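Have a look at the structure below before the remarks.
The values are calculated or read from the model by the stated rules, or taken from the named source; none is laboratory data. All values reported here derive from a predicted model rather than from experimental measurement. We work out accessible area using only protein heavy atoms, side chains counted, and drop any ligands, DNA or RNA first. Shrake-Rupley method; radii C 1.70, N 1.55, O 1.52, S 1.80 Å.
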Amino acid sequence: MKLIITKQFQSFLKELGIDIRLILQRAQLSNKLWQEELVYNAQDYYRFMATLDKLITDEAILALSRIENIKMFVPAFFAALSSPDGWTALQRFSKYKSLIGPVKVQIHEKKDEVTVNYAYFSSQLPLPRMLLLQEQMLLLSLLRTGTGTLILPRQISSPYDYGSILENEAGILPQKSAGNLLVLSKTDLEKPFITENNVMWYHLEPSLNQQLSQLDHAGRLTQAVQTELLSAIPSSQFSLAIIASRLGLSSRTLQRQLAAEHTTFKDEVIQMQKFMTFSYLDLSMSVDDIAYLVGYSEKSAFLRAFKKWTGKTLKQYKKIHYCKGEKE
């Protein structure tokens, strides 16, 4: 399993006053910051996080656990926040968590409560304090953001001390235990989510399931390219050279490695443009706005591309799938 420490995460640590180079040095990991993203196997990633754990403050852990501080599209968070309620959010979050990191989420349902446990991808390794407490606070932040209310756990425990800042965030007095536990009330989890967007979720669910099923099979570079395109396409800065540079590769190397994963840069661009287009259509956005957000400066060029993708004009497609047309 390969894991990526993204440029966004690196920048966030820098804003918190944490020196990435110092972490790499103390963890005895090679300095690959010139590659934009740090790619590690599960063991090296653990060394990075265990070293970071010794340097990070509770204030920084809290900042990392706030949903509003996460500035990029993360499938597990989007899937959860698009849920109708906390219980559905928790199930989706657990299912898609493996798309973004090595922490496993285990859910156990009881009569009137639900318990959540966390474990590292490699069960022989204990979760560092930072990772565990950040994950517990992150889930609370997600539920509080979704419901718009102050969800309090019935119990929260870990092998570590929480400190006053994280105790205040939890809202109850944490306990010390050999394992870790986050106990939530079913009544709280049944509260409706104000962030729900079922139309968007039902459209994205097949794509997320496909990503999940291919996690151990699809090329990691292809996934990295798709992630970069998702943020780059709306800015119209998504040429081969730009994306290759963001991944720390030459254009030729990127093309060659994508070919080894049985795809091309052009195919990935089209795939992401189509994915984004159908998502925006479900949100009833205007044709002009969609065209711009998927990288077309002219509406006419977008409409021609759409017909090439689907074999239908946009008006015909809407009549079939939305039971009403829109003037093109």
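Rounded, prolate or oblate, given the Cα gyration tensor of region 129-198, with a/c below 1.5 counting as rounded? Note, shape of region 129-198 comes out prolate. Ranking of 107, 233 by solvent-accessible surface, largest first: 107, 233 (1.4 Å probe, protein heavy atoms only, all chains present).
Remark: accessible surface ordering of 242, 194 (largest first) is 194, 242, probe radius 1.4 Å.
Of 158, 245, which has the most accessible area with a 1.4 Å probe, and how do the rest follow in descending order? Walk me through the numbers on the way to the answer.
On the way: 158 0, 245 70 Å².
Putting 158, 245 in descending order of accessible area: 245, 158.
Over 28 Å apart at the Cα level, from the set 32/54; 104/186; 95/308; 266/315, are 95/308.
Note on residue 292: accessible area is roughly 130 Å² with a 1.4 Å probe, heavy atoms of protein only.
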